[in-house]
């Protein structure tokens, strides 16, 4: 059975809403789906998963959250994650999604296989955006 791990950091709850919808979509397949706040997960969970989704909102000048998510990603980049299926997601308030494009590039450079384009939602996800999150979850289950 495929193990899918969804990891997120959320300051306002928007990225958590996205993570929950991704989990809901991923559970539609023959999968074991686990969800973790980035503070409650170890790198080994990523290494032992078949598919991983990581979510973080844009912070400050379109960067990842710096005290919890950024150190997690820096540690992850040092691990052997070559060809592991990944998806990235997050919410933002302003800007044009530059943080997601840079994050995707970082993860590609680390060797992961992105199964979809980074999913971004401005502010609180609406019903149609939550459906996009569920669809991403279904994509993870099929990866």
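The values are calculated or read from the model by the stated rules, or taken from the named source; none is laboratory data. Everything numeric here is computed off the predicted structure, so don't read it as measured data. Don't worry about glycine lacking a Cβ; one is built from the backbone with ideal geometry, like all the others, and counts go over all protein chains shown.
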*How about region 104-119: which of its residues are free of Cβ contacts under 8 Å to residues at least 40 places away in the same chain and under 18 Å from residue 16 (Cβ atoms)?*
118
*Only one of these is touching a helix residue (DSSP H, G or I) at 6+ places or on another chain (Cβ under 9 Å) and modelled with pLDDT under 95: 73, 81. Name it.*
81
*Quick one: how many residues across region 1-44 are in a helix (DSSP H, G or I), touching a helix residue (DSSP H, G or I) at 6+ places or on another chain (Cβ under 9 Å) and over 22 Å from residue 74 (Cβ atoms)?*
9
*Scan region 1-30 for residues that are more than 19 Å from residue 58 (Cα to Cα), surrounded by fewer than 19 Cβ atoms within 10 Å (Cβ to Cβ) and either in contact with a strand residue (DSSP E or B) (Cβ under 7 Å, 6 or more places away or on another chain) or at pLDDT below 95 (or both) and report the count.*
7
